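A short write-up of the structure that comes next.
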Amino acid sequence: MNVMWLFCLYMTCVYLPFDMFLKPVATDREVWFGIALAGWWAKATEPLHWIIYALGAWGFWGMRRWMWPWASVYTAQIAIGMLVWNLTDPRGRGWIGGVLTALVFTIPTIALWRAKALFVGRAT
C-alpha cells in the first residue's frame, strides 16, 4: 500500500499537472474502462483522473475507512480495463496480453479487498 500511496502522490503532484497544463492536446491520451480517449476528449477527462489519484493519495496516507472497498474496486476496474484495452486498441497485445496484464492487476485487487482491517483511519 505504501507503493500505491507513492504512485497516487506522484500522479497527483507531478504527472497530472504536467499532463493537464504542458502536454499538447494532439498527443494527449486517457484510458477509461479500457477505452482510449484522445485529444480534447482526453483533456476533458483528465481532471477526473486527478481527483481519483488525489483521493487515493489522501486515503492511503491516513488509511481512511472509506478507502475500503473503493481502492480494490478501482484496481479491479483497472484489471478489467487492461483486458478491454488489449482487445480493442491496435497497440494492445490481444487475449494473451490482456489476460496476463489483468492477472497482474488482480493481485493488488485481492490484497486491497482483504485488507479491510487496515483501513481504520478517520472517516474523513
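Going through segment 1-22 one residue at a time, which ones are under 20 Å from MET67 (Cα atoms), of a type outside the set (Ser, Thr, Tyr) and either touching a Pro at 6+ places or on another chain (Cβ under 8 Å) or surrounded by fewer than 15 Cβ atoms within 10 Å (Cβ to Cβ) (or both)?
So in segment 1-22, the residues under 20 Å from MET67 (Cα atoms) come out as 1-13.
Then drop every residue that is not of a type outside the set (Ser, Thr, Tyr), which leaves 1-9, 11, 13.
Hits for segment 1-22 are ASN2, VAL3, MET4, LEU6, CYS13.
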Within segment 104-124, how many residues are open to solvent by less than 60 Å² (accessible area, probe 1.4 Å) and among the polar types (S, T, N, Q)?
-> 2
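Can you name every residue in segment 79-124 that is among the hydroxyl-bearing types (Ser, Thr, Tyr) and in a loop (DSSP other than H, G, I, E, B)?
To start, the set of residues in segment 79-124 that are among the hydroxyl-bearing types (Ser, Thr, Tyr) comprises 88, 101, 106, 109, 124.
Scanning segment 79-124 gives a single hit, THR124.
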Reported set for segment 53-70 where residues are open to solvent by less than 30 Å² (accessible area, probe 1.4 Å) and aliphatic (A, V, I, L, M) is ALA57, MET67
Can you name the residue in segment 71-103 that is open to solvent by 90 Å² or more (accessible area, probe 1.4 Å) and among the aliphatic types (A, V, I, L, M) and is also farthest from ALA54 (Cα to Cα) among such residues?
-> ILE96
Out of all the residues in segment 23-52, which are open to solvent by less than 30 Å² (accessible area, probe 1.4 Å) and either among the β-branched types (Val, Ile, Thr) or closer than 15 Å to CYS8 by Cα (or both)?
-> THR45, GLU46, HIS49
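The values are calculated or read from the model by the stated rules, or taken from the named source; none is laboratory data. As the structure is a computational prediction, the values presented were derived from the model and not from experiment. Please note: Cβ atoms are built from the backbone with ideal geometry, for glycine as well, and neighbour counts cover all protein chains shown. SASA here: full protein model, heavy atoms, side chains in, ligands and nucleic acids out. Shrake-Rupley method; radii C 1.70, N 1.55, O 1.52, S 1.80 Å.
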